[in-house]
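Notes to accompany the following structure.
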Number of protein chains: 2
Amino acid sequence: MRKKRRTISVGNVDIGGDNEISIQSMTNTKTSDIKTTVAQILDLEKEGCEIIRVAVPDVDSANAIKEIKSKINIPIIADIHFDHRLALRSVENGADGLRLNPGNINKKRYIKLVVKKAKEKNIPIRIGVNAGSIDRKRYKHPTPEALVDSALNHIKILEKMNYENIKVSLKSYDVNTTVKSYEIFSNMRDYPLHVGITEAGDFFKGSIRSSIGIGILLYKGLCDTFRVSLTADPMKEVMVAKEILNSLNIRQFGIDIISCPTCGRTEIDISKIVQTVKERTRDINANLKVAIMGCAVNGPGEARDADIGIAGGKKEGLLFEKGEIIGKYPEDKLIELLIERIKKYEND
Amino acid sequence: MRKKRRTISVGNVDIGGDNEISIQSMTNTKTSDIKTTVAQILDLEKEGCEIIRVAVPDVDSANAIKEIKSKINIPIIADIHFDHRLALRSVENGADGLRLNPGNINKKRYIKLVVKKAKEKNIPIRIGVNAGSIDRKRYKHPTPEALVDSALNHIKILEKMNYENIKVSLKSYDVNTTVKSYEIFSNMRDYPLHVGITEAGDFFKGSIRSSIGIGILLYKGLCDTFRVSLTADPMKEVMVAKEILNSLNIRQFGIDIISCPTCGRTEIDISKIVQTVKERTRDINANLKVAIMGCAVNGPGEARDADIGIAGGKKEGLLFEKGEIIGKYPEDKLIELLIERIKKYEND
């Protein structure tokens, strides 16, 4: 279902075509504070972030990229606004990509300098149009058409310079606008799509809004890489991103714990069991489907479909594995046996 | 985009057709514990739950419905499995709807009794097929076709008895399976659709998975009412449900706070401001778009589109209202002024 778009490379991460959909995030440190920035990126890498973007509002930040890059293991993208010198400096210092809208640079010869440097180093530029950054003189409202048209104006500047190492984003706070924008754009150009819902909100609101917007775009095959933007710790952005990909079976992170909602039928403490199993299997990356079910109504059915599962009864439950009933055990014993069996798969 | 389906009524809530998409939840108390169940339902009502389902695993629960119903203000649905006597008793005690799969009742004359009673009281029956509860003798795997076929078998039993006061759900843990199931079914019958992702997981995982699954179905117009199923406090189910509807502009709950992700450009503490504003405006239900933006790049643009907004600078920021700049203020003052102005709209 994913429409074929051209492939670009940000460092060692290929984006577009049939390449895996990659997870991005952005640091919220001062980029010039190298120590703190590196620490955050290393945490994000460990969580699963595959491309990191840093803000470059000043020369110190552009210069910091060199040392940051030497200490991290994922590609780094410099986020530039208005000032072409910061772009040049970032690329010289090893940035693997730029996020920069050429239309915001006021002289054509400055844009040419940036393009020349990007070609030299073979790094891509992301055109990133947001509802908040469209040209208000030309467009009264951030409609999908306004977003796409703004993006095309930036793109055409680069295309005229024979530069097509481009990735595009068309982010809005509004989910419908965002989806429509990518739909329209994808029929006009085949550049890889960087997706996101911008200004989505705090963790609660932003993760729901991003899940819906990015989810719909992934479902429609209109996403090659994405960032979940949250007004929260960027670690949360990566955690939500992983869960979005899990939900649509696009990629698999961690073991897959299926659990039923608690209801009046449940006789065992599902919430507690799920939390316990989750915490104690956090570092296991086996491709495993574990069912934790509260009752005899849907429990055994779901549990049988899983690799391992339990189906609760009255303070006790059945343990299943590969479709076979292993036995009936009291609640505490059940959890221990389940975790023990999950861990067996770790070295597979 | 929402396909027209027939309308049914659960108590005073109309479902299907052009009716508002309603929010459901399910208690996790023992239904026979009337006091606790009523307390939970009243909390859920206050949060925004519009239809409540209770488990009816025994006669005490069926009998409890009478008193529960007298103390709550939203329609109540009895969740029945296998035992037709519990269905009859629930309806006699005032249940506004049944969730019951007639194929699971072993004698045709028992089903007839339930249908007769439901007709008498003019209450609908939800056929609810889950991936975990399909007939394993007939279907090896819970494919969309298996889910739809299972549902149709239950439906046909009722249709043969000239009973069409039906609502249908086809829930699976798998988002793609769920979406496909509703797509197939919606081309076969026009009964209103009750949507959900079943066994979605704990709050973190379940809210993401549900947002994607329910979000895609809402986007496709394939949802008339829904429950977010979480292995968590049902209050969370309602909160997530409201945010899903907000995200797609289908309904509006609370004021709409748009905030940018924190990044290296931000000079004010966006997270803190968002949390403060959110907490202090929790009870305000004005149809208001409030932008809380961290920097001069996207900030002013977004803030101008909002009814009220702030765009941060260095420990200070601009306050906007209806497209006009009100002034520049230090961070603390800015928050107070913003909240003050939001509250002005409360009595509109």
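Rule-based calculations on the coordinates, nothing more; no lab input. Just so you know, these numbers come straight off a predicted model, no measurement behind them. Note: ideal-geometry Cβ built from the backbone for every residue, glycine included; neighbour counts use all protein chains shown.
By its C-alpha gyration tensor, with a ≥ b ≥ c as the square roots of the eigenvalues, how is region B:304-344 shaped: rounded for a/c under 1.5, else prolate for a/b larger than b/c, else oblate? In terms of gyration-tensor shape, oblate. Measuring max minus min along each principal axis, the C-alpha atoms of the protein assembly as shown give extents of 85, 63, 43 Å (largest first).
Look at the stretch A:236-249: the mean tally of other chain Cβ atoms within 10 Å of its residues' Cβ atoms is 4. What the phi angles of region A:268-279 give under the Karplus curve with 6.51, -1.76 and 1.60, with θ = phi - 60°, is a coupling list of 10, 8, 4, 3, 5, 5, 4, 4, 4, 5, 4, 4 Hz, glycine and proline written as x.
Placing +1 on each Lys and Arg Cβ and -1 on each Asp and Glu Cβ, with no other charges, gives region A:167-322 a dipole about its Cα centre of roughly 80 debye. Our summary gives chain A a relative contact order of 12 percent, counting only alpha carbon pairs under 8 angstrom and 6 or more residues apart.
A simple rule links phi to the HN-Hα coupling: the Karplus curve 6.51 cos²θ - 1.76 cosθ + 1.60 with θ = phi - 60°, which for region A:339-345 gives 4, 4, 6, 4, 5, 4, 7 Hz, with x for Gly and Pro. Over 29 Å apart at the Cα level, from the set A:LYS4/A:LYS322; B:LYS46/B:LYS328; A:LYS71/A:LYS160; A:LYS180/B:LYS171, are A:LYS4/A:LYS322; B:LYS46/B:LYS328; A:LYS71/A:LYS160. Partner aspartates and glutamates whose Cα lies under 18 Å from the Cα of B:LYS272, excluding those fewer than 8 positions away in the same chain, are identified as A:GLU199, A:ASP202, A:ASP233, A:GLU237, B:ASP256, B:GLU316, B:GLU331, B:ASP332, B:GLU336, B:GLU340.
In this calculation the C-beta distance from B:GLU346 to B:GLU20 is compared with R0 = 30 Å, giving a FRET efficiency of 0.85. Across the identical copies, the label point of B:GLU340 (7 Å from Cα in the Cβ direction) is separated from its matches by 6.6 nm, in order from shortest. The Kirkwood radius of region A:1-129, taken over pairs of alpha-carbon atoms, gives through the Stokes-Einstein law at 25 °C and 0.890 mPa s a diffusion coefficient of 165 µm² s⁻¹.
Each eigenvalue of the Cα gyration tensor of chain B, multiplied by 5 and square-rooted, gives one semi-axis; in descending order these are 45, 22, 17 Å. Candidate cross-link partners of A:LYS107 among the aspartates and glutamates, defined by an alpha-carbon separation under 18 Å and a same-chain spacing of 8 or more, comprise A:ASP83, A:ASP135, A:GLU159. The H on the amide N of A:ARG53, modeled in the peptide plane, is under 5 Å from the matching H of A:SER25, A:MET26, A:THR27, A:ILE77, each at least 5 residues off or on a different chain. Of B:GLY17, A:ILE216, B:VAL274, whose Cα points farthest to the positive end of the dipole of the protein assembly as shown (charges on the beta-carbon: +1 Lys, Arg; -1 Asp, Glu; origin at the Cα centre)? So the residue furthest toward the plus end is B:GLY17. Based on Cα contacts under 8 Å between residues 6+ apart, region B:256-343 shows a relative contact order of 25 percent.
Placing pseudo-labels 7 Å out from each Cα toward the beta carbon at A:SER70 and B:ILE284 gives an inter-label distance of 5.1 nm.
Between A:SER207, A:SER229, A:SER70, the residue with the greatest mean-square fluctuation in the GNM of chain A (Cα pairs under 10 Å linked by springs) is A:SER70.
Sequentially through region B:44-57, phi angles give Karplus couplings (6.51, -1.76, 1.60; θ = phi - 60°) of 5, 4, 4, 6, x, 5, 10, 9, 10, 10, 10, 6, 10, x Hz, Gly and Pro residues having no value and appearing as x.
For chain B, a Gaussian network of Cα nodes joined below 10 Å ranks B:ARG109, B:ARG89, B:ARG209 by mean-square fluctuation, and the top entry is B:ARG109. Of all beta-carbon atoms in chain A, the one sitting closest to the axis that brings chain A onto chain B gives A:SER211, 2, with the distance in whole angstrom.
Each part gets one Cα centre, and for region A:39-77 versus region B:187-215 those centres are 37 Å apart. For region A:1-129, averaging the sequence separation of C-alpha pairs within contact (under 8 Å, six or more residues apart) and dividing by the residue count gives a relative contact order of 21 percent. Cross-link check: pairs B:LYS242/B:LYS344; A:LYS315/B:LYS66; A:LYS112/B:LYS289 evaluated at a Cα-Cα cut-off of 31 Å; pairs beyond the cut-off: A:LYS112/B:LYS289. Build a GNM of chain A with springs between Cα atoms under 10 Å apart, and of A:ASP14, A:ASP96, A:ASP332 the one that fluctuates most is A:ASP332.
The B:ASP190 and B:LYS112 beta-carbon pair, evaluated with R₀ = 25 Å, returns a calculated FRET efficiency of approximately 0.55.
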